[in-house]
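Below is one structure, written out as structure tokens; the observations come after it.
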Amino acid sequence: MTTTAAPLAPPPPPPVKAPLAARARERIRSLTPFRVVTGLVVLVFALLVLYTLGTVVFRLFFPDGGFSLAPFRLAFTQPGIGKVILNTVIIVASSGVLALVVGSLLAWISERTDARLRPIAALLPVVPFLLPPIGGAIGWTVLLSDNAGYLNVILRWLLDHVGVHLESGPFNIYSWYGMIILYTLYQIPFAFMLVSAGLSSIDPQLEEAARVSGYGKLKTLRKVTLPALKPSIGGAGLLMVWFGFSLFAVPVIIGPRSGIEVLAVRIVNLLTFSYPAQIEPAVGLASVLVLFVGAAWYFQGRILRSGRNAAVGGKGRRAAPQKLGIWRRPAQALLLLYPVLTLVLPVIAFLIVALTGYWSANVRWDNTSFKMFETVIFKNFQTQLALKTSVILALVGATIGIVAATLIALYLRRAGRIRGRFVDAVIKLPAIFSPIVVGVAFILSVGGTPLNLSGTFLILLLAYLVLFIPQGTVTADAAAAQIAPELIEAARLSGASENRILRRIQLPLMLPSLAAGWSLMFVWMVGELNASALLAGAGTQVIGFQLLDIVTSGTLGVLSALVLLLTVVNLIIIGLSALLTRSRVFTGVRTVT
């Protein structure tokens, strides 16, 4: 018997690609209200960034209609520019490493041990910014100036009693270590904020399973905890690079007397203290910031896209605190030391100066009065207007900013690789420019005809959003990266809409990080110094502009009273926000039904 082989089935025809019009209709049908709103927010902010910064770049590189490399030549032939760049790299790198170590240690104590102090932990991310950075820098010069610093006076008095006689010192804030310590103090909140949020979001069962499997504490930390914290550490590193390279208030106060110049001060000097303003070399020097911040952004993006990140699941259960035993009190003292150094001591120094009306090593306590506070609060109309304008700007700007940053972060999570990278680069583009350059960009793009926004509330608000949206998106990126994709997919399979997933899963898990991001955006905006000096008008005076004016006039008593008043406002608003949003009811995930 013979068998006949069945004829081979013909190969399936290639899939027919739908016509372009059909694909377009399918895309339109798949749009949801949430996706439409998110897309519009991304489009508006991307166009705002590209238009404003593109205007100043175009006028810089095409001043007469032809391309020119003169800005780079003028920038890199600046006197001593190599030393300025080296100084900046040393300060930012050393302070960043110190801040990451100290901030992570404080976050671990606060989130994972029995030494946690909830009120301190709630406020610690914004403690150093309750004082405007320029106020904090001046406060530490009052404390640790070589001759008249209050702490140095006390230390010399104590040393005299043990037979050590000093004419000055023993510390001097006008030094390398003084500059690095102040940079570190202002960068610790970035590490604490994101690492703390990451630790609170990690499912404790991951670490418990590792310990049950025989892993010790160090191996569990290396194999489980640190991989889960990679998005938070990457976000903190990027924020510290941004902030470190653009920080102006500390080096402009400490740098001249210590002989240490950094890029931010050189750029600001070229734009504000040169006549006419040297825009071309200033923006040329910003290309150096492009290299360093671009590298940090690239590595942070790789961390977020890494497949080894442990992500949060749906349990929402807090890890059992580790008992520190005899180290509990020292750990709590370390948590308390940070706000003492960044807020309490400078506030005490300002209070003494405000009550006496002047700064001197010999304080006359019988000559104290509230005259400076009376002048600032009741007699100085410009100060009142500036404080009111700054607070309203910060409240509106921080709220719009963190909402937009959240929508942008969620958009980037589902965007394609190329499109996502492009949008992410555009939104973060302002971070590589000095705030003064951003101010110049807004003056050139929307300050004149046809919009004529110069000196208005709107131009300040738009400039603040462009300046601080990049930092907000880093916070939102890190918060979104902690959510496991499987959790979102499970909710979709159960029939939940995107709006319901956002409301029931994503926002509750992201809220602690977003609240901290809102707080930071508020204090950054309320004390903003650089762009405000260019954009504020007669009817829109802001605190940053007022402080700059007072510093140049040398009226330290008035400045001290104004800084203390602003600190009280910051403490009230940010304290209420932190206490409300730290409630654990927001961090759990409710069942999606």
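Calculate how large, on average over all directions, the projected area of the Cα convex hull of segment 64-181 is; give the answer in nm² to one decimal. Mind dumping the intermediate values first?
Numbers: hull surface 54.0 nm².
Projected over every direction and averaged, the Cα hull of segment 64-181 covers 13.5 nm².
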Using only Cα positions of segment 135-194, each an equal point scatterer, no hydration layer, compute I(q)/I(0) via Debye at q = 0.12, 0.16, 0.21, 0.28 Å⁻¹ and quote the log10 values to two decimals. -0.36, -0.57, -0.79, -1.06
In whole µm²/s, the translational diffusion coefficient that Stokes-Einstein assigns to segment 506-563, given a Kirkwood hydrodynamic radius over C-alpha pairs, 25 °C and 0.890 mPa s, equals 185 µm²/s
tail above 15 Å in the computed P(r) of segment 221-265, as % of all Cα-Cα pairs, reads 58 percent
Quick one: which residues, 5+ away or cross-chain, put their amide H under 5 Å from the amide H of residue 483? H built at 1.01 Å from N. 312
Cα pair distances exceeding 14 angstrom across segment 381-431, given as percent: 65 percent
When the scattering of segment 31-118 is computed by the Debye formula from its Cα atoms alone, each counted once and equally, what is log10 I(q)/I(0) at q = 0.20 Å⁻¹? -0.93
Where does segment 351-411 land on Rg(C-alpha)/(2.2 N^0.38 Å)? 1.87
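Given the alpha-carbon gyration tensor of segment 69-112, what are the semi-axes of its equivalent ellipsoid in whole angstrom, ordered largest first, with each equal to the square root of 5 times an eigenvalue?
38, 10, 4
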Compute the Rg/Rh shape ratio of segment 433-492: radius of gyration over Kirkwood radius, all on alpha-carbon atoms. 1.28
Would you kindly find the accessible area of residue 51, with a 1.4 Å probe and non-protein molecules such as ligands, DNA and RNA excluded, rounding to the nearest 10 Å²? 120 Å²
Name the long-range amide H neighbours of residue 322: under 5 Å, sequence gap of 5 or more, or other chain; modelled H, no Pro or chain starts. 113, 114
When the Karplus curve 6.51 cos²θ - 1.76 cosθ + 1.60 is applied with θ = phi - 60°, which whole-Hz ³J(HN,Hα) does each residue of segment 400-408 get, with x for Gly and Pro? 4, x, 6, 5, 5, 4, 5, 5, 5
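Show 328, 118 ordered by accessible area, largest first, where the area counts protein heavy atoms only and the probe is 1.4 Å.
Reading off the accessible areas and sorting them downward yields 118, 328.
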Using θ = phi - 60° and Karplus 6.51 cos²θ - 1.76 cosθ + 1.60, couplings along segment 94-101 (whole Hz; Gly, Pro as x): 5, 5, x, 5, 4, 5, 5, 5
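The values are calculated or read from the model by the stated rules, or taken from the named source; none is laboratory data. Only a predicted model underlies this, so the values are computations on that prediction, with no experimental measurement involved. What goes into the accessible areas is simple: the full protein's heavy atoms, side chains included, and nothing from ligands, DNA or RNA. Shrake-Rupley method; radii C 1.70, N 1.55, O 1.52, S 1.80 Å.
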